[in-house]
Structure formats: C-alpha cells, structure tokens
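Read through the structure below, which is laid out as structure tokens, and then see the notes.
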Amino acid sequence: MSKILQVKDLELSFHTFAGEVKAIRGVNFDLNKGETLAIVGESGSGKSVTTKSIMRLLPESSSEFKNGEILFDGKDLTKLPEREMQKIRGKDISMIFQDPMTSLNPTMTIGKQIMEPILKHQKVSKAKARKVAIELLNMVGIPNAENRYKMYPHQFSGGQRQRIVIATALACNPQILIADEPTTALDVTIQAQILELMKDIQKKIDTSIIFITHDLGVVANVADRVAVMYGGMIVEIGTVDEIFYNPQHPYTWGLLSSMPSMDVNEEKLYAIPGTPPDLLNPPKGDAFALRSEYALKIDMEQPPPFFRVSDTHYAATWLLHPQAPQVEPPSGIIERMRTFPGSRYYEATGGRA
Amino acid sequence: MVKYVGKRIIYMFITMFLIATATFFLMQTLPGSPISSYNKLNDNQKAIVEKKYGIDKPKPVQYAIYMKNLAKGDLGTSFAFKGKSVNDLLASRIKPSFILGAQAMVFGTIIGILLGMIAALKQNTFWDYGSTFFAILGISIPSFVFATLLQYFVASQWHLLPVGLWNDGWKSSILPSIALAMGPLALSARFIRTEMIEVMGSDYITLAKAKGANGFEIAFKHAFRNALIPLITVLGPVAAGLVTGSLVVEQIFAIPGIGEQFVSSIMVNDFATIMGTTLFFSAFLIVVIFIVDILYGVIDPRIRLSGGKA
Amino acid sequence: MKKDIEKLPQDQFERIEIDSSHAERIEKPSLSFWQDAWLRLRKNKAAIVSMVVLVLLVIMALVGPHLNGHDGAAQNLRHANLPPKMPGIEKLGIMDGVGNLSGEKVDLYAMKKVDEYYWFGTDGLGRDLFTRLWEGTQISLLIAFVAALIDLVIGVLYGGISGYFGGRTDDVMQRIVEILIGIPTLIVVILMIMVMEPGIGAIIIAISITGWIGMSRIVRAQILKYKNQEFVLAARTLGTNDSRIIGKHLMPNVLGIIVINTMFTIPNAIFFEAFLSFIGIGLQPPAASLGTLINDGFKVMEFQPYVLLFPCIVISVLMIAFNLIGDGLRDALDPKMKD
Ligand SMILES: Nc1ncnc2c1ncn2[C@@H]1O[C@H](COP(=O)(O)OP(=O)(O)O)[C@@H](O)[C@H]1O
Ligand SMILES: [Mg+2]
C-alpha cells in the first residue's frame, strides 16, 4: 500500500480577538491509496480544520501553520504558493461539505458549477465538458440530467444537491476526496443513499477518501481505518475492527458507549460528561483527563505519547504505559473486546462463534 | 406571486389615497390663505378669484372635486403661477430633476459598487479603511452641506464649473449631480462591502475555492453577482434620499426642477402646487419601492419560486 | 509514534478522581454578552475616538455659549461682519481678523477699531458667531435627543406589544404599520411642519411622527425571535406575569438592538432638523440651530465664508461621530459578525 498523503506533527492556530486558538495541536496520520479513512470526534475537535488545512481553505489572515508538514505528491502543501495550490484543488484533492443547501452557488446553474473544475483543470472544449458533466450527473443518480443541468440549485432537494456536489468533486477524478460530514445535514433515509453512493463511487474510481463524521454509526459502514480526534489531536488510530472491537483510549470508549445501539436491552444512552477543552488555553497534560474516570496523576502534567497496540493501531493514553494500572473499561466495551482476537478480554470459545 | 403583486398594488392605492386625503385636509388648516399674496385685491375681486379656484365652496365639496380630478390625473390649478395647471408646471420642470437624479444615481452607484468591492476584497487594509471612511462621509454629511461647499470651492473660488442655474448645458448639471450622488455612492459602497464580506464567507465560495478557482474568479464569477442582487433593496432609500436631496440641491444651485418648485411653493402657500408635488413625490417613491420588491422577487432565483419575500 | 517507552516515577500512575463539575468550571471561562461586546467595541478605534469627540461636542454645546463673554442674541451693527479672530492662533496668519473688503485684504478689526476678539467672527447683525454656533448645536442636539427618545418609547412599546401579544393584535398593528411605512418620511415631515406653529416642538413632532416605525419593526422582530425560546417559556410556565416577562426576560435581549438603532435615529433627527431649517420651514429667526446657521452662512458665503464654514464642520463631525459609534456598536453587539 502506498501512502498518498502524509500529515506530520501538524499544528495550526487561529488568531482571534480573544487570543490564539490552538485548533490543531499535533496531528499525525497517513492516507493510503484507495482506502477510506474516517476521522471521528465530537464537534469542535478540529476535524474540519484539519481537512481544510490540507486544502488550505482556511482564512490566510487569521490562521497560521505553527509546525509540521502535509506531504502530497512529494510536495509540502503547507508551504506551497497559493497559485500551485489552485492547481491541486479540485483536480488532485477535492472536497464535499456538510450542508448541501449552502454549498452550491444559488445564482449559477448546476451544469456550470460542475463544468467549472473541468474547464479549469483540463484542456477540453465546453461541449466536451458539458458531456462529462451530464455523465457525472447520471453517475451520481440525478435523473434526466440532459435537461436538468441548466437548472438552479434551489430547484433540487437537499439529497440531490449533495449528489451534485459529489459530482462536482469527482469531475477531475481526484486522487483524494475529502468529505466533511457529507450526510449530517440530511434525513436518515437520504443519508443512507448518499453513503451507498459514496461506496459505489469508490468501487468505480480508485479514489482515497477522508470521511469526516461525528457519528460512529456511519463509520463502520464506509471506512477502512478510523482516526479518533479530540481537542485538536488524534488520540487513537487503527483499522475499523481495531477501533470498534479493541479500543484503547477512554475517549474512544466514551464515543462507542454513546453510540445508539440496536440492542434493545442495553441500558440508557450514555453521554460523555463535561465539555471539550478550551483551545485558547489547552490543558497541559492529557486533554481528555478532566472528563475521564480513568485519569491518572500523570495525565495532569504530561501529554501522553502514542503507544503502539499493533502495527496498524496506536493510541495516545498513559493507560497503555507498562507502569500504568490495569483498568476495567465500561462493560459494553468489554463486551466488544471479547470478540476481538488479540484483545485482553478475547474469549476464543465465545465471541463470534 | 400574482396574489402578492395584487396585494401590494392595493396597498399602494390605499397609501396614495391616505396621503391625498391627509394632504388635502392639512392644507386647509394652514395659517394664511392661498391668495393672501394677492393682497392688493379688494373683497369683490377676492370673491371672483376664490370662485375661479373653487375655494368658495364648502370643504367636503372641495374635497370631493379634488379627489374626482385626482382620479383623472388632474392635480388642479396653481395659485401662484398665474393659473397654470399643476400638471403643466410639473411637466415643465421634470427634465432637470430627472437628469440630475439619473446622473447622480448612475454615477453614485457605480463608484459606490467599486469602492465597496475594493473594501471587501482588501478587508482591513488601507484600501478598506479609505473607502469605508469615504462612505461614512457620504452617509454623514448632509447633502446641503456638501452642495454648499462644492459650490463655494469648485464654482465660486476656483471657477471650474458654473455656480448655478441651468443654462450652461451639461456643465451646469455636474456639481449638483455630484452633490446628489454622495448618498447613493455611500449607501451602495457600504452595502456592497457588507454583502461581499458575507458572501465571501459562505459555503459555496469555499467550495468554489476547493474546486481550484482563483481569487479573481471567486470574486467576480461567484461572489459579485450574489452580492449585487440584494443591492436592489437599497434603491428605495436611495430614491428617497435623492428626492430629499433634490429639494435643497436644486435650491442651492438654482435649478428649475421640481424640488426647487416645491420649496418655493411652500414659501408662498401655493396649496395646489404643494399638494400636487407631494402626491407626485409620494407616487414616485411608492412605485420605486414596489418595483424594487417585485424585481427582487423576479431576479433572485432563490426566492423567485417561493412567491416573494413577504 | 516510534518513541521509546521511558521509565517514569511509579507514583505518576496513581489513579485520581475527577470531579466533572469542576471540569466544566475550568473549561468554560466564557465572557458575558456585554463584556464580550465591550471587548470588541474597545478595539474599534474609530468608535472610541468618536465617543470622545461626541462628549467634547456635547460639553461645548453646554458651556460654549458662555466661554467668551459675548451674548449670542446681542446685536451690534458697528461690529457686523467681522471675520474670525482668535488670540494665539492669529499669529499663524489665520483667524487674525483679516477679511475681504471689496476685494482687498484688510484687518477689519483695526479698521473698525474693535478691541474685542470674536473667535469665529460676527454675522451681519454683529452677533458673535462662536456663541451662536454652540447655542445652535445645543438646540440641534436637544431636538435630536428628544425626537430619538420619543421614537424609542413609542417604537419599543408598539413593537413590543405587537410582537409579544401576537395574534389579532399583531395583525391589526402590522397592517397599520404597513400603510404608514409606505408614506415617504420627507413628505410627512414637511406637511406636519407646515401646519404647526413653527418652533422646536413642531420640529420634534414632525420628525417623530413616523420616526418610531423603524424602531417598532426591529423590536417586534426581536421579540418574536425570543418569545418562544426556552427561558421565556419556562418563566411563563412558572406563572410569571406579562410585564415581568417583558421587562426581565425579553428586554435585556432586545436592548442591544435598541441601542444600536437609537444611535442611528439621533443623526437622522439632526439631519431633518437642519434640512427643514435650511429650506426655511424649520426654526425661525432669531433662534439658532445648526440648520439656520448654515442657511445664514449660505446666503453670505461669497464674502463671509466663515459664517458657513463653522456650522458645516460641527454638523458634519456630529453626524460622522454618531454614525461611527452606531457602526461600532452594531459590530460589537451583533454576534453574527464574529470575525
Ligand atoms: N476561523 C476560525 N477562527 C477561530 N477559531 C476557529 C475557526 N475555525 C474553527 N475554529 C475553532 O477550531 C476548533 C475546531 O473546529 P472544527 O475543526 O470546525 O471542529 P469540527 O471537529 O466540529 O469540524 C473549534 O474550537 C473552533 O472554534
Ligand atoms: Mg466540522
């Protein structure tokens, strides 16, 4: 598997009237070719800022890269001149946003909006671009595209608009597609359709996808790997199975426990206590410790490094330090771990059998 | 949409009717009589004049006649201008007012849009502060202050342009047009700046950026049109400002327009002309606001189908 | 990720109890609405400078007429049409009493053997323009403040009642507003002023008669926005009476927008007063307001431009200051405009 994108020690701040907001405080991850990486975390954890900084879409006047690099195609995107960035955006890396109701230009026909990146990045005639646009619309499931590509966004429903945005993002066969909560603003049934569409597309064209969501339920369906974000950092990263069935970080435990379950006899819905950290004055140790019932003394003083769980699975919690006491995860988590070979609660006889 | 337009038209007529009625009865309570300027007349002659203008009849009858004529578009007869009809008076004076208003409007709006765009695209730079300050001056400084200063410096002191009157072709219209243009200029500069900044922060602009569009394409292909459409809504206040401004500016530059005539008819208690001009101005402003609302509904695809914004 | 696991003191790994209420206290050092607004406003230099300038102008309007010992109403034809002359500044070659006399520059004070200083000169009746300027400013400000106050009271009451009670009350009240809003302000103001006895009262009434409509619409919109929010519903469920809900729960939230709007109604009133006085149907002589002073100055600007200049400067600065403060407040109080 080749790495198509590498984010290393990324730190980014916003300068606001109230002070410096340390929105990204050291993010590391790689994206492999053809895979879907999900980034999950509560809202405000820095998911959008992370991906927008890859695309360099943050306001230049108020945001500042403090450290780290974003390697794509042999180039460090944090240092690329704006002009070069424009050649990458929409061509090699493209993006889908959360709210389809506001992501399309209301005074431009959708056809024009889909054709825009094609005409921008590829040397093709208008007629050819139009043909591609109509093909794309057909592919994302907009019926009667030949006639409808001349219409304005308000003439489409929310789900259709998101399909149009997806078509726009795919127009130049990007190597990376970033989807920032693409289904959050949609009805549940439409959500499922859009997810289905994204899976389809990935099968058809060999794109790597970064899929952002705050809803773990969505993740299991679409992702190959999962990165869990908290307070501007990735706190745990691993394959879907590792995150779902052998989670190590108390925050991941909390997220999994607060996931609504189909299981009727499960106890009442769990919510993680407290609020996300104040990024104006981030805590000096483990940012989650103040909300965690598993906090250690050291969490208050020193941020935890990443501990290796397996070759693909890392977590930043002092609980994984050999000197740390063994703690008992919530019962629901133990339940999950029982089914995962290699976890300390694995029951070879029970579990999946 | 049809229902909305119908409702608006009915409101327009109610408003005009109320203004006409209110104007008529307010005029009756005015101190002094419309023919008090004719004081050389003896009682007998006065009676003849009063009969001629129909002001010997009881008030309700006068009102009925007035409204009946009004329905036919007849604004009555001026007292001060030797029996000329108010319609003719207005017609003879509309051209200078129209030219000044149109020039001020076009000039002011274009410069205003430019300033607003510059300010928004160069937010928090010298350009922004400069054009914002200019807009604040335009909004704050009353048109008559600006007009008198222009007249004093540009015309009286530097002799660059005529001091006033309407007898030097286009040159005569420059200073009064500039004085009137300050309002539209400032209003549109401010409006476009705010609107552009808001549009530039919207999701579809971020998406356009994410598609690889450059700064120019974003500002002009995507943002400008969306910022420009709502500018139609300032047309109402702009028109009101132009009418207000025309009263003083035409007086300062001695322009034979409707505004100047209105002010002088107030000075001589010329009821019929005051009423006629009042109705004319009101109708103009009401129609402008009506057109603005309808236009806004037609142009903007976001609200075109939902049937107006009300 | 590849960091070696280092050996740490074992006591560091003791488990600790976290009180989660404690966590929330530390994590939310949020500012109150007004503190937040003040922080923003303080950063707006234009607004702060404008406030200082405005305070200075108000002080001058109050004490200015008594500063140089001249009476603004006293006519003295021997001292008519004197140009400005100010001690100290006269040495700089401006405001030194030199004026135009049939095209020649002469020291009119010396010529007319006047020993007193008239800082801003005198008018054709020999009245001291400095004193009259500040008297005029005083009247203009008085008219503007009273008119704005009336707008505020009527507008808030009308909009508040209409929005709070809703239903039929709101329907009827809004139909009335819809018709009134169609009548151009200028027309109403001029008609009203014509039928009343000229004077300060007439001008105030003329300006206020439709001035409150804008305020009422804004207040109504805000009330509608807040009245169904949880804290209000909660208060109502607890049996709080209407006036208390309005005063305690709604008004504090609507206050910001009322303050902003008032900051724009004041300059508007200043403008209309000056406008009416300038075209000659506002204040009547010998009363002075900024409008009448500008009108006087306009008539003689060819030969005594200083008569026009000073009131023009004062009204412009006043209007700019109010507008900048209004803008600053709007940016500071409107949470939508966050950076
Ligand atoms: N333009 C900005 N200026 C200041 N702070 C910002 C800006 N954008 C995001 N932030 C802050 O960065 C943090 C992360 O935000 P974001 O990435 O949007 O979270 P999410 O995980 O919900 O996508 C939040 O605390 C947010 O307040
Ligand atoms: Mg987000």
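For the reader, a short list of remarks on this structure follows.
- With N as its number of residues, the range C:189-278 has a Cα radius of gyration that, divided by 2.2 N^0.38 Å, comes to 1.48.
- Measuring r between the beta carbons of residue C:313 and residue C:42 and using R0 = 30 Å, the FRET efficiency lands at 0.60.
- Translational diffusion coefficient of the range B:120-278 (Stokes-Einstein, Kirkwood radius from Cα pairs, 10 °C, 1.306 mPa s): 87 µm²/s.
- Ranked by the mean number of other Cβ atoms within 10 Å of their residues, highest first, the peptides C:52-62, A:16-26 fall in the order A:16-26, C:52-62.
- The range A:57-98 pair-distance distribution - Cα-Cα, 10 Å bins, rounded %: 22, 56, 22
- Neighbouring Cβ atoms from other chains, within 10 Å of the Cβ of residues in C:188-199, number 4 on average.
- Solvent exposure of the protein assembly as shown as accessible area per residue, Å², 1.4 Å probe: 46
- Using the rule -39500 (n - 2.57) for each DSSP H run of four or more residues, divided by the residues of the protein assembly as shown, the 222 nm mean residue ellipticity is -17000 deg cm²/dmol.
- Counting only Cα atoms, the size of the range A:1-100 along its three principal axes is 43, 32, 31 Å, in decreasing order.
- One decimal place: the segment residue C:52-residue C:17 gains 7.3 nm when fully extended, by the rule 0.36 nm per residue minus the C-alpha distance.
- Cα convex hull of chain A - mean projected area over all directions, nm²: 19.8
- Highest mean first, the peptides A:200-206, C:314-320 sorted by other C-beta atoms within 10 Å per residue fall in the order C:314-320, A:200-206.
- Flagged links, alpha-carbon separation over 29 Å, of A:79/A:204; A:8/B:221; A:33/B:209; A:47/A:91: A:79/A:204; A:8/B:221
- Mean Cβ neighbour count within 10 Å, used as a protection proxy, ranking C:255-264, C:289-298 highest first: C:289-298, C:255-264
- A viscosity of 1.002 mPa s and a temperature of 20 °C, combined with the Kirkwood radius over Cα pairs in Stokes-Einstein, give a translational diffusion coefficient for the protein assembly as shown of 63 µm²/s.
- Modelled FRET efficiency - R0 22 Å, residue C:243 with residue C:171, Cβ distances, 0.05 increments: 0.50
- If both residues of a DSSP beta bridge must be in the protein assembly as shown, then about 65% of such bridges are antiparallel.
- Cross-link table A:3/A:131; B:3/B:84; A:120/A:150, entries beyond 30 Å C-alpha to C-alpha: A:3/A:131; B:3/B:84
- Cleavage-rule hits (trypsin sites (Lys or Arg not before Pro)) in the range A:282-344: DSSP loop, at most 14 neighbouring Cβ within 10 angstrom: A:284, A:344
- Within 10 Å of the Cβ of each residue in C:176-184, the mean number of Cβ atoms contributed by other protein chains is 6.
- A simple count of charges around residue C:47, restricted to other residues whose Cβ falls under 12 Å of its Cβ and scoring Lys, Arg +1 and Asp, Glu -1, yields +3.
- All Cα pairs of chain B, percent lying beyond 38 Å: 29
- Dividing the C-alpha radius of gyration of the range C:231-317 by 2.2 N^0.38 Å, with N its residue count, gives 1.87.
- Percent of Cα pairs exceeding the 25 Å cut-off, where the set is the range A:76-200: 21
- Convex hull volume per residue for the range C:155-216, taking Cα atoms only, in Å³: 77
- Annotation note: GluC sites (Glu not before Pro) in the range A:268-353 located in DSSP loop regions with a Cβ neighbour count of at most 10 within 10 Å are absent.
- Counted over all Cα-Cα pairs of the range A:193-304, pairs farther apart than 19 Å make up 54 percent.
- Partner shielding of C:38-47 amounts to 1, given as the average count of beta-carbon atoms from other chains within 10 Å of each residue beta-carbon.
- Both numbers refer to the Cα atoms of the range A:41-144; Rg and Dmax are 16.3, 49 Å.
- Quarter of Cα convex hull surface for the range B:116-196, i.e. mean projection, nm²: 5.9
The values are calculated or read from the model by the stated rules, or taken from the named source; none is laboratory data. These figures come from a predicted structure and were not determined experimentally. As a convention, Cβ positions derive from the backbone with ideal geometry for all residues, glycine included, and neighbour counts pool all protein chains shown. For accessibility, only protein heavy atoms count, side chains too; no ligands or nucleic acids. Shrake-Rupley method; radii C 1.70, N 1.55, O 1.52, S 1.80 Å.
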